[in-house]
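Below: one structure, written as structure tokens.
The values are calculated or read from the model by the stated rules, or taken from the named source; none is laboratory data. Values in this document were obtained by computation on a predicted structure and should not be read as measured data. Reconstructed Cβ throughout: ideal geometry from the backbone, glycine too, with neighbour counts over all protein chains shown.
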Amino acid sequence: MTSQEFPVRVGRLLKWVSALTTLLLVGLAALFEFGNAPLPERLRWISAALLGLPAICLLFTVRGYRVDGSTLYVRRLLHETAIDLRELRGAEVVPRVFDRALRVFGNGGLFSFSGWFWRRGQGLLAAYAMDIGRGLELRWDDRTVLITPVDPEAMQGALRG
């Protein structure tokens, strides 16, 4: 089987949250550094943290998906996350992948929606998404993964085939 690439869909909410949050954090860091009353030397780490947060989140942004044999690769900025597909039980196209899901640990919109979420009746969900809309819910016996390719139906077909 050859490798198949699937682009990620980037939602409007993610674009707005990422842009506004980054502007806010950079603005606060600039205010703390260059404002009328700059931070004392012992609190300078606050500015670095404000600037470092978007940089760290950017490293985990989802750039696309690749199915190669029995492995799904989630393409990130500098690395890929491998997900074994051998025990995959189902891939369902859903209209809103995060419907009724609560974030437990992870990123809720600064360059991605990724990490661990929880949904009643399903438990923990791993998310590698860039949109809160249409996507794929991949199910195994012991876990569920949420992804948001541009064409969920095409990716669903590739996972079945």
* Looking at the range 112-161, which of the residues that are more than 17 Å from the chain's Cα centre (by Cα), more than 16 Å from residue 72 (Cα to Cα) and of a type in the set (Gly, Ala, Ser) is modelled with the lowest pLDDT? -> 121
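Out of the range 20-44, which residues are exposed (fewer than 11 other Cβ atoms within 10 Å of the Cβ) and either of a type in the set (Ser, Thr, Tyr) or in a helix (DSSP H, G or I) (or both)?
34, 41, 42, 43
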* Structure fact -> If we ask which residues in the range 63-84 are surrounded by 14 or more Cβ atoms within 10 Å (Cβ to Cβ), out of contact with any Phe, Trp or Tyr (no Cβ under 9 Å at 6 or more places or on another chain) and touching a residue at least 24 places away in the same chain (Cβ under 8 Å), their number turns out to be 2
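Can you find a residue in the range 88-97 that is surrounded by fewer than 17 Cβ atoms within 10 Å (Cβ to Cβ), acidic (Asp, Glu), more than 21 Å from the chain's Cα centre (by Cα) and farther than 15 Å from residue 6 by Cα?
No, the range 88-97 has no match at all.
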* Go through the range 92-148 and give me each residue that's within 27 Å of residue 54 (Cβ to Cβ), part of a loop (DSSP other than H, G, I, E, B) and of a type in the set (Lys, Arg). => 96, 134
* To do: Tell me which residues, restricted to the range 22-58, are among the polar types (S, T, N, Q) and either within 28 Å of residue 75 (Cβ to Cβ) or touching a Leu at 6+ places or on another chain (Cβ under 9 Å) (or both).
  => 22, 47
* Of 14, 72, which residue is in contact with a Gly (Cβ under 8 Å, 6 or more places away or on another chain) and closer than 30 Å to residue 89 by Cβ? -> 14
* Only one residue in 52, 90, 64 is out of contact with any helix residue (DSSP H, G or I) (no Cβ under 8 Å at 6 or more places or on another chain) and farther than 27 Å from residue 140 by Cα, so which one is that? -> 52
* Determine if the range 93-112 includes at least one residue that is over 16 Å from residue 18 (Cβ atoms), touching a strand residue (DSSP E or B) at 6+ places or on another chain (Cβ under 8 Å) and in contact (Cβ under 8 Å) with a residue 60 or more places away in the chain. => yes
